[in-house]
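To start, the structure itself, in structure tokens.
The values are calculated or read from the model by the stated rules, or taken from the named source; none is laboratory data. Note that this is a predicted model, so its numbers are computed, not measured. Don't worry about glycine lacking a Cβ; one is built from the backbone with ideal geometry, like all the others, and counts go over all protein chains shown. Keep in mind that these areas ignore ligands, DNA and RNA; they rest on the heavy atoms of the full protein, side chains included. Shrake-Rupley method; radii C 1.70, N 1.55, O 1.52, S 1.80 Å.
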Amino acid sequence: MTHAPELKDIVKQKYGQAAERVRSGSAGACCGGASGCADPITSNLYDAAQAGAVPEAAMLASLGCGNPTALAELRPGEQVLDLGSGGGIDVLLSARRVGPTGRAFGLDMTDQMLALAEENKRRSGLENVHFLKGEIEHIPLPDNSVDVIISNCVINLAADKDRVLREAFRVLKPGGRLAVSDVVVRGEVPAEIRRNMNLWIGCIAGALSDQDYLAKLAGAGFEQGSIEITRVYTVADAQDFLAGQGEDMLRLAQAADGKFASGFVRAVKPAEARPQAPAAAARVNEPCCAPACCGR
């Protein structure tokens with residue numbers, strides 16, 4: 001079993017290399033670290049209009065498995081957070097959707113991806129975009145601070161998915177929405193695939209079953225959890241992606257044929273009623289004079 005610190009180091013290394021390839025003008029970077037985007041997971045996710053709305057480098061650095069900006073039904077004025085924002089494509093698209101009265105945050109732990117995202121922000125001319133360095137298990141934002149959380153093929157890479165979902169729940173406002181694209185498992189998966197780190201980085205081996213995903217959402221406090229399958233992956237889809245990666249990789253892929261799929265994962269944080277206690281209400285207009293009230 002791979003430990004969380006080791007997994008984080010491998011993800012940082014692979015995604016850092018992907019960002020460097022884009023910044024150096026090399027071919028696009030896919031989920032599995034291939035030099036081209038023949039990867040069936042990451043290809044053909046955005047239409048021409050969306051591609052034209054962001055810098056080309058943001059599109060080339062896309063390592064996702066869906067289009068969460070379309071899924072989330074963003075509204076003007078909303079605060080949006082993208083977990084594992086990479087080169088920033090979904091943050092930039094979200095910023096355009098929420099408009100100048102809203103804000104779009106991107107959180108990533110990889111320095112190279114953050115540098116690429118900042119370059120893409122400058123090229124876009126958008127001012128309502130903010131990129132943050134950190135881990136999705138420890139989101140550096142206050143409780144109840146964002147309306148929508150999106151993510152694109154990132155939660156499945158986390159070793160502690162329960163912690164990620166609890167953190168997402170914490171920072172969402174009451175009534176806030178989780179709307180992520182992710183890879184899910186359909187049926188039993190050979191243990192050898194679960195142990196294979198190349199497939200971890202290929203957005204596959206860390207995936208949850210659809211039922212486990214829903215259970216973890218509920219365990220974190222979310223309601224109305226649902227998963228809409230959008231694409232089932234087969235060995236035939238991945239022939240170009242697997243080419244040159246060895247017989248062992250091809251054998252593993254054949255054992256997992258049809259067992260992995262992309263899905264839109266939705267859930268809602270309950271709209272909690274939080275009536276103000278009478279004693280607290282009486283202090284609202286008083287000057288702060290003690291530690292108990294200085295954080296108001």
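Worth pointing out:
- Accessible surface, per residue, of the range 133-235 when the full set of protein chains is kept, probe 1.4 Å, Å²: 39
- Gain in span if fully extended, D111 to V232, counting 0.36 nm per residue against the direct Cα distance: 40.3 nm
- Percent carbon-and-sulfur accessible area, the range 90-202, ignoring ligands, DNA and RNA, probe 1.4 Å: 47
- Listed peptides 81-94, 113-126, 146-159, 182-195 by packing density, highest first (mean Cβ within 10 Å): 81-94, 146-159, 113-126, 182-195
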